[in-house]
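Read the structure below first, then the notes.
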Amino acid sequence: MKRYKDCALICKYRQPATELLDLVMQVCSKKGYQVDRYSAMTERDTLAVYIHENGLPYSRLIVCANSASNVVAIVNIVPMPESGISHIEYAEYNKLLDLFRDQVFGTINHEQGNEIRENSEEYNIEDVIPKSYTALNTWLNMYPLSGHPLDTKRWYAFVVALHENNEYLSLDDFAKYIMENYEWPSDKIEEFSLRLESQLELLEYYDNHR
């Protein structure tokens, strides 16, 4: 499966995140990027970097200083109105992120030694729910649509495992995994996605009110 990537620049020992964001802003300016700085009375100081590269939509990349996590992270990339689109798909999003990472974060890594932390575009559902994956795999590989009572028990085992392990599985990832690996009809995928959502909400409600 493919996803929108995350990328962050890690502060060095005792380096304030806002100081690192200052450095990111300086390098952006040297590289010719237009930047806007938004400082708030919070732990998050934000930089908007405007990227206009041939073949990619004109976009605003949002970079935040997170003092609690000691990082400066790319938190979002949104298309500008001039791009003519309202949403960036993961392929172009990741290309824009990689471009900024190489030109700005890469420069700081090379010159200052700050490490870059990022994940990959390709991922598997086991990366998302490592503790509950076995229960999901058991349910999916034991005739989940046969209507047998054991199917329901295996389904419940998966839902309870997600809840007890405190693992978050988005409905989009759940549906995408089943579609790509099991080719279920779309109506069945939607049915079980809604079932997953409602049953997890019920378990959470039960925990909070017992």
Label-to-label distance, nm, for residues given as Val75 and Met1 (7 Å Cα→Cβ offset)
2.5 nm
How many Å² of accessible area per residue for the chain, probe 1.4 Å?
59 Å²
Take the stretch 89-173, compute every pairwise Cα distance, and split them into 5 Å bins from 0; I just need the percent in each bin.
3, 12, 16, 14, 12, 10, 10, 9, 6, 4, 3, 1, 0
With a 1.4 Å probe and all protein chains kept in place, how do Val160, Val104 rank by accessible area, largest first?
Val160, Val104
As a test question: what accessible area, to the nearest 10 Å², does His52 have when a 1.4 Å probe is rolled over all protein chains in place?
130 Å²
Quick calc: nm separation of the 7 Å Cα→Cβ label points for His52 and Thr134 -> 5.6 nm
Give the lysines whose C-alpha is closer than 29 Å to that of Lys30, dropping any in the same chain fewer than 8 places away, or say none.
Lys5, Lys12, Lys95
Sulfur and carbon atoms: percent of accessible area, the chain [1.4 Å]
48 percent
Between Lys176 and Thr152, what is the label-to-label distance in nm when each label sits 7 Å out along the Cα-to-Cβ direction?
3.2 nm
Nearest 20 debye, what's the magnitude of the dipole of the stretch 1-123 about its Cα centre given +1 on Lys and Arg Cβ and -1 on Asp and Glu Cβ?
160 debye
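The values are calculated or read from the model by the stated rules, or taken from the named source; none is laboratory data. In this text the structure is predicted, and so the values were computed from the model without any measurement. Ideal geometry is used to build each Cβ from the backbone, glycine not excepted, and the neighbour counts take in all protein chains shown. Surface areas here come from the heavy atoms of the whole protein model, side chains and all, with no ligands, DNA or RNA. Shrake-Rupley method; radii C 1.70, N 1.55, O 1.52, S 1.80 Å.
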